[in-house]
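Okay, structure first, notes after.
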Amino acid sequence: MIPNDARYTKFGLIEDMLAVPELIRSFDAGRMQATAQQIAKVGRLLLTGEGSSRLFPAKNVIAEARRQGWPLTLHTETGLQAQEYDLADWAVFAQSNSGRTAEVIGLFDKLHRAGHPHRYSLCAHPQTKLESLANTGYVLTCGEEHAVAASKSVIEQALFLRALLEHAAGKPTLASQQGALAQAFQTAVTTPIDRALVERIAQAKSIYWAGRNDGVAEELTLKTNEITRKSADFLEGTYAVHGIEEVMDASDVLIWVNPYPGSEDKFHKTLVEGVGLTIIAIASRPTRFPTIIIPEIENLTPFVQMAAGWNLIVEVGLLLGINLDKPLRARKVGNEFE
């Protein structure tokens, strides 16, 4: 994705993506400290939302908390399924750009009527329905997005949850890393992509994303649907070599985020040799597959992986002549509360 190329300037989605580095630099990593202290006292936190508001923001911070051994019990669930749970002893944090997402409002309405004392929200606009049902509500600073596919709001939501849980765990480090993360993100989202890789993905029948259950590959699967209009599926961990190869064929492509080094030979034998498909990697090191190399930045590299994935998907969408801002059926508010 090259910012001064005329192909890109007409799309609001790309404008939003290119705004993310400055958003990262200016992010206030301290404004949620009071809520973090309340959550720390509860000790349990459910993160809820639908689609892009939950996949990367919630799953990424949960994965990092487990790697770091933060003393918090964390879980994420969609709004409808969470309504089936006993959340009396949990703090609940909901994210919804519109503040009108039906599933999340249903959950918070239930908690509100029950007098649940720890309900928190983060929306893109003030005075939303969701915020009215929360004890404390926060508003994103990234501004209105120009496209149906969420981009800059996803990153700010993820930054917010990272800062929130760092403070709750007593390990606030994000503020000291924001400058380096902004630069790494800028590099990954603007690095030119090999044209042959873009063409190969554009020709694929199905696009598979493989990777950890940290929200990156799963969110990029959703973005692939919205931006390229192609069938895409998320294959968690090494699921790609545990049976699904039976329905893959040589026209498919698998994009592997941060491959496990010890599994590369197995993926090559099963999928490249056995199926005949193409594997492309996004990683901070060379792999045995064609690899989009990205900067590594301590425990924030998943944000950079997201930038590289955006870069790749946008190039595919442009090659296919797709209007990146307006999918045919997808809506900005997937299921609006009425």
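FYI, it's all coordinate maths here, none of it is from the lab. Please read all numbers here as calculations on a predicted model, not as lab measurements. Note that we place each Cβ from the backbone using ideal geometry, even for glycine, and neighbour counts take in every protein chain shown.
For the stretch 12-176, report the convex hull volume of the alpha-carbon atoms normalised per residue, in Å³, without decimals.
Working: hull volume 16.8 nm³, N = 165.
So the per-residue Cα hull volume is 102 Å³.
Can you work out the Karplus-derived ³J(HN,Hα) for every residue in the stretch 285-297? Use 6.51 cos²θ - 1.76 cosθ + 1.60 with θ = phi - 60°, whole Hz, and x for glycine or proline.
9, x, 10, 7, 10, x, 10, 8, 7, 10, x, 10, 9
Relative contact order of the stretch 12-176: what whole-number percent is it, with Cα pairs under 8 angstrom and at least 6 residues apart?
Working: 282 pairs, mean separation 50.6, N = 165.
Computed value for the stretch 12-176: 31 percent relative contact order.
Give me a comma-separated list of calculated 3J(HN,Hα) values for the stretch 193-199, in order, Karplus coefficients 6.51, -1.76, 1.60 applied at θ = phi - 60°, integers in Hz, x for any Gly or Pro.
Taking θ as phi minus 60°, the curve returns 9, 3, 4, 5, 5, 4, 5 Hz for the stretch 193-199.
For S132 and A114 in one chain, what is 0.36 nm times their gap in residues minus the Cα-Cα distance, to one decimal in nm?
Values: separation 18, 0.36 × 18 = 6.48 nm, distance 1.50 nm.
Gain on extension, S132 to A114, equals 5.0 nm.
Sum up the charges of everything whose Cβ sits under 14 Å from the Cβ of E22, counting Lys and Arg as +1 and Asp and Glu as -1, but leave E22 out. It would help to have the intermediate numbers written out before the result.
On the way: positive: R25, K152; negative: E15, D16, D28, E156.
Around E22, the charge tally is -2.
Counting pairs of alpha carbon atoms under 8 Å apart in space and at least six apart in sequence, what relative contact order in percent does the stretch 186-319 give?
Numbers: 229 pairs, mean separation 41.5, N = 134.
So the answer I get is 31 percent.
What aspartates and glutamates sit close enough to K269 to cross-link, taking a C-alpha to C-alpha distance under 19 Å and skipping anything fewer than 8 places away on the same chain?
E236, E245, E246, D249, D252
May I ask for the net charge around L174, where only other residues with Cβ less than 14 Å from the Cβ of L174 are counted and Lys, Arg are +1 while Asp, Glu are -1?
-1
Given the stretch 198-331, what percent of its DSSP beta bridges are antiparallel, to the nearest 5? Could you put the intermediate results ahead of the total?
On the way: 0 of 18 bridges.
Approximately 0 percent, going by the DSSP bridge assignments.
So what is the relative contact order of the chain, in percent, for Cα pairs below 8 Å that sit 6 or more residues apart? Present the calculation step by step, with values, prior to reporting the outcome.
Details: 643 pairs, mean separation 71.1, N = 338.
Dividing the mean separation by the residue count of the chain yields 21 percent.
How much mean residue ellipticity at 222 nm does the chain get from its helices, if each DSSP H run of length 4 or more adds -39500 (n - 2.57) and you divide by all residues, to the nearest 500 deg cm²/dmol? Don't jump to the answer; show the numbers that get you there.
Details: 13 runs with 138 residues, N = 338.
Rounded to the nearest 500, the figure is -12000 deg cm²/dmol.
Go through the stretch 18-26 residue by residue and turn each phi into a ³J(HN,Hα) via Karplus (6.51, -1.76, 1.60, θ = phi - 60°); whole Hz please, and just put x for glycine and proline.
6, 7, 5, x, 5, 4, 5, 4, 8
Tell me, what is the FRET efficiency for A34 and S251 to the nearest 0.05, using R0 = 56 angstrom and their Cβ-Cβ distance as r? Write out the running numbers ahead of the final one.
Numbers: r = 53 Å, r/R0 = 0.95.
Computed FRET efficiency for A34 and S251 comes out at 0.60.
Can you put L159, L328 in order, fewest other beta carbons within 10 Å first? Let's see the in-between values first.
Numbers: L159 25, L328 7.
Placing the least packed residue first, the sequence is L328, L159.
With a cut-off of at most 13 other beta carbons within 10 Å, and DSSP calling the residue loop, which GluC sites (Glu not before Pro) in the stretch 95-166 qualify? Please list them.
On the way: sites: E103, E131, E144, E145, E156, E166; in loops: E144, E145.
Sites meeting the loop and neighbour criteria: E144.
For the stretch 116-191, state what percent of all Cα-Cα pairs lands in each successive 5 Å bin, counting from 0 Å until the bin that includes the largest distance.
3, 13, 17, 21, 21, 13, 8, 3, 1, 0
Report the extension gain between T173 and R195 in nm, rounded to one decimal, defined as 0.36 nm multiplied by the number of residues separating them, less their alpha carbon distance. Walk me through the intermediate numbers first.
On the way: separation 22, 0.36 × 22 = 7.92 nm, distance 3.78 nm.
This chain segment gains 4.1 nm when fully extended.
Could you calculate the contour length gain from S26 to D86, that is, 0.36 nm times the residue separation minus the distance between their Cα atoms, to one decimal place in nm?
That pair, S26 and D86, stretches by 17.8 nm at full extension.
Beyond a 23 Å Cα-Cα separation, which of these cross-linked pairs lie in this structure: K59/K152; K59/K266; K59/K223; K10/K152; K223/K326; K129/K326? Walk me through the numbers before you get to the answer.
Working: K59/K152 17 Å; K59/K266 26 Å; K59/K223 16 Å; K10/K152 17 Å; K223/K326 13 Å; K129/K326 26 Å.
Correct reply: K59/K266; K129/K326.
Report the semi-axes of the equivalent ellipsoid for the chain in whole Å, largest first, where each axis is √(5λ) for an eigenvalue λ of the Cα gyration tensor. Walk me through the numbers before you get to the answer.
Working: eigenvalues 215, 92, 81 Å².
Equivalent ellipsoid of the chain: 33, 21, 20 Å, largest first.
Less than 15 Å Cβ to Cβ from T76, Lys/Arg counted +1 and Asp/Glu -1: what total charge do the surrounding residues give?
Values: positive: R44, R54, K59, R66, R162, R212; negative: E50, E64, E77, E84, E103, D214, E218, E219, E236.
Neighbourhood net charge equals -3.
Enumerate the amide H contacts of S231 below 5 Å, restricted to partners 5 or more residues apart or on another chain; note that Pro and chain-start residues carry no placed amide H.
Correct list: I207.
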